[in-house]
Amino acid sequence: MTHIPGIVITGASGRMGQMLIRTVSDSDQARLVGAVEREGHDWIGRDVGEAMGGQPLGVTVTDDPLEAFARAQAVIDFTAPEATLGFAALAAQARCVHVIGTTGMTDEQIAALEPAARHAVIVRAGNMSLGVNLLVQLTRKVAAALDEDFDIEVIEAHHHHKVDAPSGTALMLGEAAAEGRGVKLAHVSDRGRDGITGARRRGDIGFHAVRGGDIVGEHDVLFAAPGERIVLRHVATDRAIFARGALKAALWAQGRTPGQYDMVDVLGL
Ligand code: NAD
């Protein structure tokens, strides 16, 4: 008997799916036991390592998630909202931990995870990077400790293909700053890509988006007062940080009471 949990990756051929396959198969704390793709995908029936252009990993890509989940202790899922809802029900049926990195879920879709969370552990976060989740906590704490002499500005930079601005992570940081300060976050939409254009109002949190080259993702939270300033910064240089965070969540979740958790729980913050 081994204590090393078996892990299934859904959306195996995706950008994050392939990163997760590599991360799990390279780890000595987990075993890759399954790889799932959607019905009709040309990877179905192939060894996932070979499909990725590398050495065989002894795991055949399947379009039967329940059969794969039945062999696993955790599912790591970076796919799409509708797919994730289906996987949640199947993971609950198989009593498997379900780590959800999928973004863009509506409030209704998030609420629909609740029945599954009665039977299995779900860990869900829009950003699985441990560093960003720590930065969110630090931002809340610093904002709570400082008075309104400090202006709070969130400055983010991403590659030029990114269409949304400010980034979802910048919004998480802005929300945390607003919570810490005890105000409601407002006026985000008129402060995106073009930065601040009007006179700032006392207590507002500003957002600035920079777009250029191949920047993976950089976030600064600036607290600026007359005579001093504090800058909290996170720089992502590799998407592997999301995969490592997801694996950490899958390991942390083993043996927990069923329910919904996030990366703040995983980090113990
Ligand atoms: P992608 O389009 O490259 O990959 C998605 C994969 O899911 C594809 O291979 C697709 O075939 C597969 N898929 C879709 N429906 C499926 C189904 N029903 N069954 C099995 N497989 C299915 O996208 P990506 O860049 O890998 O991102 C995936 C998701 O992860 C997005 O929602 C993205 O925003 C999110 N993401 C989250 C984080 C985080 O830290 N939480 C980080 C990066 C990306």
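The values are calculated or read from the model by the stated rules, or taken from the named source; none is laboratory data. Since the model is a prediction, treat every value here as computed from it, not as a measurement. Using ideal geometry, Cβ is built from the backbone for each residue, glycine included, and neighbour counts are taken over all protein chains shown. Areas reflect the complete protein model, heavy atoms only, side chains present, ligands, DNA and RNA absent. Shrake-Rupley method; radii C 1.70, N 1.55, O 1.52, S 1.80 Å.
Quick notes on this one:
- Looking only at segment 235-244, residues that are assigned to a strand (DSSP E or B) and either of a type in the set (S, T, N, Q) or closer than 24 Å to residue 149 by Cα (or both) come to 0 in all.
- Within segment 34-56, the set of residues being more than 16 Å from the ligand (Cβ to nearest atom) and either in contact with a Ser or Thr (Cβ under 6 Å, 6 or more places away or on another chain) or more than 24 Å from residue 238 (Cα to Cα) (or both) comprises 47, 56.
- Filtered residue count, segment 12-30, keeping only those that are near the ligand (Cβ under 10 Å from one of its atoms) and either open to solvent by 70 Å² or more (accessible area, probe 1.4 Å) or over 20 Å from the mean Cα position of the chain (by Cα) (or both): 1
- Test: residue 264 is part of a helix (DSSP H, G or I), in contact (Cβ under 8 Å) with a residue 40 or more places away in the chain and more than 16 Å from residue 75 (Cα to Cα): yes
- Per the listing 27, 13, the residue uniquely at pLDDT 95 or above and either in contact with a Phe, Trp or Tyr (Cβ under 6 Å, 6 or more places away or on another chain) or of a type in the set (Asp, Glu) (or both) is 13.
- Figure legend. Inter-residue proximity from segment 31-49: first residues open to solvent by 60 Å² or more (accessible area, probe 1.4 Å) and assigned to a strand (DSSP E or B), second residues modelled with pLDDT of 95 or more and within 16 Å of the ligand (Cβ to nearest atom), beta-carbon distance below 7 Å, spacing 6+ or different chains. Indicated pairs: 31/7.
Residue-by-condition table, conditions (1) open to solvent by 70 Å² or more (accessible area, probe 1.4 Å); (2) over 24 Å from the mean Cα position of the chain (by Cα); (3) modelled with pLDDT of 50 or more; (4) closer than 21 Å to residue 231 by Cα:
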residue	(1), (2), (3), (4)
162	no, no, yes, no
165	no, no, yes, yes
172	no, no, yes, yes
176	no, no, yes, yes
186	no, no, yes, no
189	yes, no, no, no
193	yes, no, no, yes
201	yes, yes, yes, yes
204	no, yes, yes, yes
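- Filter result (closer than 21 Å to residue 263 by Cβ and at pLDDT 95 or above) within segment 84-108: 84, 85, 87, 88, 91, 92, 96, 97, 98, 99, 100
- Top-ranked residue in segment 96-135 [being among the polar types (S, T, N, Q) and in contact (Cβ under 8 Å) with a residue 40 or more places away in the chain; ranked as surrounded by the fewest Cβ atoms within 10 Å (Cβ to Cβ)]: 103
- The lone exception for residue 7 - which of (1) open to solvent by less than 20 Å² (accessible area, probe 1.4 Å); (2) touching a Ser or Thr at 6+ places or on another chain (Cβ under 8 Å); (3) more than 13 Å from the ligand (Cβ to nearest atom); (4) part of a strand (DSSP E or B) it fails: (2)
- Scan of segment 67-85 for residues that are surrounded by 15 or more Cβ atoms within 10 Å (Cβ to Cβ) and either part of a helix (DSSP H, G or I) or near the ligand (Cβ under 10 Å from one of its atoms) (or both), ordered by number: 68, 69, 77, 78, 79, 80, 81, 83, 84, 85
- Sole residue being open to solvent by less than 50 Å² (accessible area, probe 1.4 Å) and part of a strand (DSSP E or B), chosen from 247, 251, 232: 232
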